[in-house]
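Participant: One structure, as structure tokens, below. Some questions next.
The values are calculated or read from the model by the stated rules, or taken from the named source; none is laboratory data. Owing to the predicted nature of the structure, the values given are computational and were not obtained by experimental measurement. Cβ sites come from the backbone with ideal geometry, for glycine too, and all protein chains shown count toward neighbours. SASA here: full protein model, heavy atoms, side chains in, ligands and nucleic acids out. Shrake-Rupley method; radii C 1.70, N 1.55, O 1.52, S 1.80 Å.
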Amino acid sequence: MKYLCFNGHDRKNNELFCNVCGSPFEIIVDEKYHDKILDNYPYIKKWINLGEVTTPVIGNGDLYFKLDYYSPTFSYKDRGSRTLISYLASKYDNHNLSINEDSSGNAGASIAAYGHMAGFNVNIFVPETANAMKLGQIKLYGANIIKVKGSRDEVQNVAMKYDGIYASHVLNPEFRDGIRTLAYEIFNQFEHMPDRVFIPVSAGTLLSGLFSGFKHLLDSGEINKIPEIIGVQPEIISPLCSQINGTLFDENNDKSSVADALVSKKPVLIKKMYDIIKNYGRCVTVSENEIITARGDLALSGILTEYSSATVYAAYKKLNKYGKNLLILTGNGLKTNY
């Protein structure tokens, strides 16, 4: 495995941005797929465990749901946090160090839980408007919460400059690389791969990690094509869909969505996100009313998700229903204010 920036330059040390072109780094998988999923991460010497399981798939016919909130902190972010924190724990012998993360909720809770288990002092930087229920979860995991006034970018800037190790779920390539496990589980759970996979899209960690896993399976000869990836965003916060579909989006608008986990208006990974969706999928926007209705419909089926997860069901209902469709439900509904 090797670290390359999005333009193909090597990573020299542990920098988060390329010194040549300024783009972020990613981990390039250059060996064959292993049936034992964790064997696909040779750079992890010892895993931090919180009771992870293969998350279930339910449904039949043309519609399936992967309940990826069946994770220790109740969101898919645990896939990335486990990998990043395990990497940092392997790298630093003295775990009594501070790690810093900026997050609107789910990633902060996940980093807090895994970071505390690894022996780190965890600081989570959040916007003043962050979801109160998620802040309570972060605090219970033992993290220090630091509220920052201003935009999401300002929260990130403060976290990056704070004393300690910056453990970003967006910029640290190990976090995004951990999401590969989602693709491997899908491969193992279906006799024939889904025709398309619906995912909510914000900062791009889920999209880039899932694609990396699918590409690894393709390059290893395990699958013969990558499923169509349907990226879903709220209409009022849709930077990627606007670029893909040629519509207008004001990245400086002050709007907020009921889908409070999908807040990135200027995602730093936008170029990578654009390339993936342009070549392997589509981008669909959904209205606030469609999100609220979709969440209610899922709940009446016994599936309680966050509004952010419900976006994928709202998008599915808007598209032609053909082939095998898999919807990734990323966050548990108990995290949401009602």
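Participant: Taking the solvent-accessible surface of protein heavy atoms with a 1.4 Å probe, what is the per residue accessible area of the stretch 74-166 in Å²?
Facilitator: 42 Å²
Participant: A follow-up question, please. Any idea how far the Cα center of the stretch 50-129 sits from the one of the stretch 179-217, in Å?
Facilitator: So the two Cα centres are separated by 17 Å.
Participant: Let me ask something else about it. Give me the percent of accessible area attributable to carbon and sulfur for the stretch 37-181, probe 1.4 angstrom.
Facilitator: Heavy-atom surface of the stretch 37-181 belonging to carbon and sulfur, 1.4 Å probe: 52 percent.
Participant: Here's another thing I want to ask about it. As a check on your grasp of the helix formula, calculate [θ] at 222 nm for the chain: sum -39500 (n - 2.57) over DSSP H runs of n ≥ 4, divide by the residue count, round to the nearest 500.
Facilitator: Computed ellipticity for the chain at 222 nm equals -11000 deg cm²/dmol.
Participant: Amide H to amide H under 5 Å from F125: which residues, 5+ apart in sequence or cross-chain, H placed 1.01 Å off N in plane?
Facilitator: Excluding prolines and chain starts, which carry no amide H, the hits are E101, D102, S103, I146.
Participant: Moving on. Between N279 and L63, what length in nm is gained on full extension when 0.36 nm per residue of separation is reduced by their alpha carbon distance?
Facilitator: Gain in length upon complete extension: 75.4 nm.
Participant: From the Cα gyration tensor of the stretch 248-338, with a ≥ b ≥ c the square roots of its eigenvalues, which class applies: rounded if a/c is under 1.5, or else prolate if a/b is larger than b/c, or else oblate?
Facilitator: Note, shape of the stretch 248-338 comes out oblate.
Participant: If you work out Cα extents along the principal axes in Å from the coordinates, which of [x] 91, 41, 30; [y] 58, 44, 38; [z] 53, 45, 39 do you get?
Facilitator: Label [z] holds the value from this structure.
Participant: Using the Karplus equation 6.51 cos²θ - 1.76 cosθ + 1.60 (θ = phi - 60°), what ³J(HN,Hα) coupling, rounded to whole Hz, does each residue of the stretch 175-183 give in order, writing x for Gly and Pro?
Facilitator: So the Karplus estimates, Gly and Pro as x, are 5, 4, 5, x, 6, 3, 4, 4, 4 Hz.
Participant: Also: Have a look at the DSSP beta bridges in the chain and tell me what percent are antiparallel, nearest 5.
Facilitator: Approximately 30 percent, going by the DSSP bridge assignments.
Participant: For I230, what residues show an amide H to amide H distance below 5 Å, using hydrogens built from the backbone and excluding near sequence neighbours?
Facilitator: Correct list: V197, F198, I199, R282.
Participant: Another one. Where the centroid of each part is defined by its Cα atoms, how far is the stretch 302-322 from the stretch 230-300 in Å?
Facilitator: The two parts, judged by their Cα centres, are 13 Å apart.
Participant: Also, I was wondering about something else. May I ask you to evaluate 6.51 cos²θ - 1.76 cosθ + 1.60, the Karplus curve with θ = phi - 60°, for each residue of the stretch 61-78 and list the ³J(HN,Hα) values in order in whole Hz, giving x for glycine and proline?
Facilitator: Per residue, the Karplus-derived 3J(HN,Hα) values read x, 9, 9, 10, 10, 9, 7, 7, 7, 7, 10, x, 9, 6, 8, 5, 4, 4 Hz.
Participant: First compute the accessible area of the stretch 199-338 with a 1.4 Å probe, then give the percent of it belonging to carbon and sulfur atoms.
Facilitator: Roughly 49 percent of what the probe reaches on the stretch 199-338 is carbon or sulfur.
Participant: Also, quick follow-up: Under the Karplus relation 6.51 cos²θ - 1.76 cosθ + 1.60, θ = phi - 60°, what is the ordered set of whole-Hz ³J(HN,Hα) values for the stretch 115-131, x standing for Gly and Pro?
Facilitator: x, 5, 4, 7, x, 7, 7, 10, 10, 10, 9, 10, x, 4, 8, 4, 4
Participant: Taking amide H positions as placed in the peptide plane 1.01 Å from N, state which residues far from N332 in sequence (5 or more) or on other chains have amide H under 5 Å from it.
Facilitator: Here the answer is E306, since their amide H atoms fall under 5 Å of that of N332.
Participant: Here is a further query. With +1 on the Cβ of every Lys and Arg and -1 on the Cβ of every Asp and Glu, and nothing else charged, how large is the dipole of the chain about its Cα centre, in debye rounded to the nearest 20?
Facilitator: I would put it at about 60 debye.
Participant: Another one. May I ask you to order 72-81, 28-37, 258-267 by the average number of other C-beta atoms within 10 Å around their residues, highest value first?
Facilitator: 72-81, 258-267, 28-37
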